[in-house]
1. What residue, among those in segment 58-97 that are among the β-branched types (Val, Ile, Thr) and in a helix (DSSP H, G or I), is surrounded by the most Cβ atoms within 10 Å (Cβ to Cβ)?
2. Would you say Ser26 is assigned to a helix (DSSP H, G or I), in contact (Cβ under 8 Å) with a residue 40 or more places away in the chain and of a type in the set (S, T, N, Q)?
3. What single numbered condition from (1) loosely packed, with under 14 Cβ neighbours inside 10 Å; (2) within 13 Å of the chain's Cα centre (by Cα); (3) not aromatic (Phe, Trp, Tyr) fails to hold for Gly11?
4. Here are some residues: Gly30, Gly5. Which one is loosely packed, with under 10 Cβ neighbours inside 10 Å and either out of contact with any Phe, Trp or Tyr (no Cβ under 7 Å at 6 or more places or on another chain) or farther than 26 Å from Ile56 by Cα (or both)?
5. For Asp37, only one of the following conditions fails: (1) free of Cβ contacts under 8 Å to residues at least 24 places away in the same chain; (2) surrounded by 10 or more Cβ atoms within 10 Å (Cβ to Cβ); (3) over 13 Å from the mean Cα position of the chain (by Cα). What is its number?
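The values are calculated or read from the model by the stated rules, or taken from the named source; none is laboratory data. These numbers come from a predicted model, not from an experiment. Note that each Cβ is placed from the backbone with ideal geometry, even for glycine, and that neighbours are counted across all protein chains shown.
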Amino acid sequence: MRVEGFFEGLGHALGQMIRFIVDLLSGALGAVADAVDDFLHGLANAIGMDSSIFSIILLIIGLLFLYNGVRALLRRSIFGGVIWLLLGLVVMGWLIR
């Protein structure tokens, strides 16, 4: 009878410790997720686009096109640079209201 009380208490203490760790990690990851969400909404509002995942992916693609265009121009590839820049501007133009 006495042993059952000991193991019950030990299990209760272990359960409370696990619950504390889970709550701590949940709070920390929730705060990070809220910060990322606020950042993406602020970015989308400043640019004037929707804050959907599709819009964010298109923004990244458009920025990569513009980056490739600038790199091509720095390598003195005028034709390739102009094509990349035009593609980037088209994609960015679709996003911005």
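1. Of all residues in segment 58-97, those among the β-branched types (Val, Ile, Thr) come to 60-61, 70, 78, 82-83, 90-91, 96.
From what's left, in a helix (DSSP H, G or I): 60-61, 70, 78, 82-83, 90-91.
Details: Ile60: 11, Ile61: 15, Val70: 14, Ile78: 10, Val82: 13, Ile83: 15, Val90: 11, Val91: 18.
The selected residue is Val91.
2. Details: assigned to a helix (DSSP H, G or I): yes; in contact (Cβ under 8 Å) with a residue 40 or more places away in the chain: no; of a type in the set (S, T, N, Q): yes.
It is false that Ser26 is assigned to a helix (DSSP H, G or I), in contact (Cβ under 8 Å) with a residue 40 or more places away in the chain and of a type in the set (S, T, N, Q).
3. With respect to (1) loosely packed, with under 14 Cβ neighbours inside 10 Å; (2) within 13 Å of the chain's Cα centre (by Cα); (3) not aromatic (Phe, Trp, Tyr), Gly11 is out only on (2).
4. Working: Gly30 fails: loosely packed, with under 10 Cβ neighbours inside 10 Å.
Result of the check over Gly30, Gly5: Gly5.
5. Only one criterion in (1) free of Cβ contacts under 8 Å to residues at least 24 places away in the same chain; (2) surrounded by 10 or more Cβ atoms within 10 Å (Cβ to Cβ); (3) over 13 Å from the mean Cα position of the chain (by Cα) is unmet by Asp37, namely (3).
Results for (1) in contact with a Ser or Thr (Cβ under 9 Å, 6 or more places away or on another chain); (2) at positive phi; (3) assigned by TED's automatic domain parsing to the domain that holds Arg97; (4) among the basic types (Lys, Arg), shown as yes or no for each residue.
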position: Ser26; (1), (2), (3), (4): no, no, no, no
position: Phe54; (1), (2), (3), (4): no, no, yes, no
position: Ala72; (1), (2), (3), (4): no, no, yes, no
position: Arg76; (1), (2), (3), (4): no, yes, yes, yes
